[in-house]
Structures are given as structure tokens and as C-alpha cells.
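Q: One structure, pasted below without further comment.
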Amino acid sequence: MAMVVFFSTMSFTIDLHYCGDMLVDAAIFHKVDTCGMEMEIPSTESCSTGKKDCCNDEQIIVEGQDELQLTFDTLTFEQQTFVVSFYHSYISLFENKNVRVIPFKDYKPPLLIRDIQKLHNIYLI
């Protein structure tokens with residue numbers, strides 16, 4: 001869910017450099033590399049050569065969402081109970097359970113009144 005919120009609110013720019021009709025370079029977070037064939041613009045209008053520049057730069061801007069709506073306040077009590085119980089059961093899956101549990105360690109064995117093996121003449125070899 002955090003990744004969805006992150007990508008829906010992120011804004012970025014895609015820069016493209018065309019030389020003629022062919023795409024030379026595309027960049028997302030930095031400036032594009034040019035092909036080296038772009039013409040310098042003369043400093044005065046009277047010194048124009050009349051040639052057109054074959055290179056073209058294009059910029060695509062992707063705007064992210066600015067306002068987020070928090071909807072946790074509109075959850076019903078049953079939905080909040082479900083979220084809390086799901087979270088608790090999910091977290092308990094990752095607990096370390098290497099502790100050996102002996103359920104009868106606090107109980108004493110029953111007292112022997114008679115030795116049953118002697119009573120029935122059964123002996124272990």
C-alpha cells in the first residue's frame with residue numbers, strides 16, 4: 001500500500017532528444033545527452049544562415065497527485081476490529097518460537113501406593 005501511495009504522489013519529467021525523426025536519448029531524472037549536431041543560434045538576427053536545426057528536444061511532465069484522502073476515520077468498528085486482529089495475527093507469524101515449552105513441568109507425578117510390576121509379577125529385562 002505504501003508503494004501505491006508513493007508512486008501515485010511522485011512527479012517526474014521525461015526528457016527526449018530527437019535528431020531528425022530518430023530518438024537519440026531519453027532521460028528521467030537528469031539532462032539528456034545530445035547527438036552533437038545541434039546548430040548554435042546566432043547572437044544577432046541579421047547574421048542568420050537560414051538553415052534549420054535538425055535536432056529537437058521534447059519534455060514530458062508527469063504530475064503526481066497532490067491531495068490524499070485519509071479514509072481510516074470512516075471505517076466502522078467492525079472493520080477496525082478486523083484490521084487490528086489481522087495485524088496482530090500477521091505479526092505473530094514472525095515471532096521467534098524456539099523456546100521449548102513443557103506443559104507438565106509444574107506437576108508432580110502421582111504417589112505410588114503399591115508397586116504394580118511386583119503385584120502382577122511383570123519385570124522389565
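The values are calculated or read from the model by the stated rules, or taken from the named source; none is laboratory data. What you see is a predicted model; the values in this text were computed from it and never measured. Cβ atoms come from the backbone with ideal geometry, glycine included; neighbour counts cover every protein chain shown.
Q: Within the range 22-38, restricting attention to residues that are of a type in the set (Val, Ile, Thr) and either in contact (Cβ under 8 Å) with a residue 40 or more places away in the chain or in a loop (DSSP other than H, G, I, E, B) (or both), which residue is surrounded by the fewest Cβ atoms within 10 Å (Cβ to Cβ)? Quick ask: steps written out before the conclusion?
A: So the first thing to find is which residues in the range 22-38 are of a type in the set (Val, Ile, Thr), and the list is 24, 28, 32, 34.
Next, from what is left, pick out any that are either in contact (Cβ under 8 Å) with a residue 40 or more places away in the chain or in a loop (DSSP other than H, G, I, E, B) (or both): 28, 32, 34.
Details: 28: 11, 32: 18, 34: 13.
Checking each candidate, the answer is 28.
Q: From 87, 107, grab the single residue that is among the aromatic types (Phe, Trp, Tyr) and either in contact with a His (Cβ under 9 Å, 6 or more places away or on another chain) or exposed (fewer than 10 other Cβ atoms within 10 Å of the Cβ) (or both).
A: On the way: 87 fails: either in contact with a His (Cβ under 9 Å, 6 or more places away or on another chain) or exposed (fewer than 10 other Cβ atoms within 10 Å of the Cβ) (or both).
Sole residue among the options that is among the aromatic types (Phe, Trp, Tyr) and either in contact with a His (Cβ under 9 Å, 6 or more places away or on another chain) or exposed (fewer than 10 other Cβ atoms within 10 Å of the Cβ) (or both): 107.
Q: Anything in the range 74-125 that is charged (D, E, K, R) and at pLDDT 85 or above? List them, or say none.
A: Initial filter on the range 74-125 (charged (D, E, K, R)): 78, 95, 97, 100, 105-106, 108, 114-115, 118.
Across the range 74-125, the qualifying residues are 78, 105, 106, 108.
Q: Is there any pair with a first residue in the range 103-116 that is at negative phi and a second that is surrounded by fewer than 10 Cβ atoms within 10 Å (Cβ to Cβ) whose Cβ atoms are under 9 Å apart and which are 6 or more apart or on different chains, and what are they?
A: From residues that are at negative phi, the pairs are 116/122.
Q: So residue 19 fits all but one of (1) at pLDDT 85 or above; (2) within 24 Å of the chain's Cα centre (by Cα); what number is the exception?
A: Condition not satisfied by residue 19: (2).
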